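The values are calculated or read from the model by the stated rules, or taken from the named source; none is laboratory data. Quick caveat, the model's predicted, so the values are computed rather than measured. FYI the Cβ positions are ideal-geometry reconstructions off the backbone, even for glycines, and counts take in every protein chain you see.
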Amino acid sequence: MLVTTQHRGTPNVMTNGFNMMVRHPRPLVACTMGPWDHNHQALVETGEGVISIPTADMAATVVDIGNCSGADVDKFAEFDLTAVAGAEVQAPLVAGCFANIECKVADSSLVAPYNLFLREPVRAWTDRSQTQPQLFHHRGDGTFTLDGPTIDLKERMTKWQYLL
Ligand SMILES: Cc1cc2nc3c(=O)[nH]c(=O)nc-3n(C[C@H](O)[C@H](O)[C@H](O)COP(=O)(O)O)c2cc1C
C-alpha cells in the first residue's frame, strides 16, 4: 500500500509492504515505517496520514515510489500523482487508488522498539467506478501476487456471523 503524509505543508508518499489489520470493528491498522523513511518523522510529528490502496496497474509506480525519498524529490510531481484533499487529516488522498483511508496515530508505544505505528482509520473512501479492482501483494523480495479468483466460504463462518 501507499502511505501519505503532509509535513510542514509538503505532501509526501511512500510504499509500505509491512502492514496488517490489528482490530475490528473499531479498526486499527499497523504499519512498519523505519526512521530511514522521510514519512516516519512526518507521522511522528503530525500523528496523521492516509493509507492508499493501489491497483495492479499501478504496481511499477508503487515500487518506484519506494525507491526514492520525499527528502529528495516531490514524488507527487515525479510520478504524476494527483493529490486529493481528505476530510479529517491534512495528508492527501491519492487519486486512482481503489481506496484511501484517512488515519490518526492511535498508539506510538511500539514505534521506538519496532518502528510500528498503530493507526486508527477515521474516514475511508473507495473509488466506486472501480467495480472489480485487482490488488497486489508484496511477497517481500520484489515479487508480487495479484488478486486471483475469490472463493466464498461464508456458510462455514458459523462463529463469525457479524463479519458477513
Ligand atoms: C515494495 C516495497 C515495499 C516497502 N515496504 C516498506 C515498509 O513496509 N516499511 C518501510 O519502512 N519501508 C518500506 N519500503 C521502503 C520505503 O518505501 C522507502 O524507504 C521510501 O523511500 C520511503 O519514502 P520517504 O523517505 O519519502 O518516506 C518499501 C519499498 C518497496 C519498494
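For this structure, a couple of remarks:
- Options Val62, Val3: the member that is part of a helix (DSSP H, G or I), within 14 Å of the ligand (Cβ to nearest atom) and under 21 Å from Thr143 (Cα atoms): Val62
- Any hit, the range 122-144, residues being over 19 Å from Asp57 (Cα atoms), among the basic types (Lys, Arg) and either touching a residue at least 40 places away in the same chain (Cβ under 8 Å) or outside any strand (DSSP E or B) (or both): no
- For the range 67-112, a residue qualifies if it is within 16 Å of the ligand (Cβ to nearest atom) and surrounded by fewer than 16 Cβ atoms within 10 Å (Cβ to Cβ), and the qualifying residues are Asn67, Cys68, Ser69, Ala71, Asp72, Val73, Asp74, Ala77, Glu78, Ser108, Leu110, Ala112.
- Filtered by the rule that a residue be under 19 Å from Asp107 (Cα atoms) and either without any contact (Cβ under 8 Å) to a residue 12 or more places away in the chain or among the aliphatic types (A, V, I, L, M) (or both), the range 27-50 gives Leu28, Val29, Ala30, Met33, Ala42, Leu43, Val44, Val50.
- Among all positions in the range 116-133, there is no residue which is over 18 Å from Val50 (Cα atoms) and within 16 Å of the ligand (Cβ to nearest atom).
- Among the residues making up the range 6-52, those that are crowded, with 19+ Cβ neighbours inside 10 Å, part of a strand (DSSP E or B) and more than 8 Å from the ligand (Cβ to nearest atom) are Gln6, His7, Pro11, Val29, Glu48, Gly49, Val50, Ile51, Ser52.
- Residue among Ala91, Ala71 that alone is modelled with pLDDT of 95 or more, in contact with a Ser or Thr (Cβ under 8 Å, 6 or more places away or on another chain) and not in a strand (DSSP E or B): Ala91
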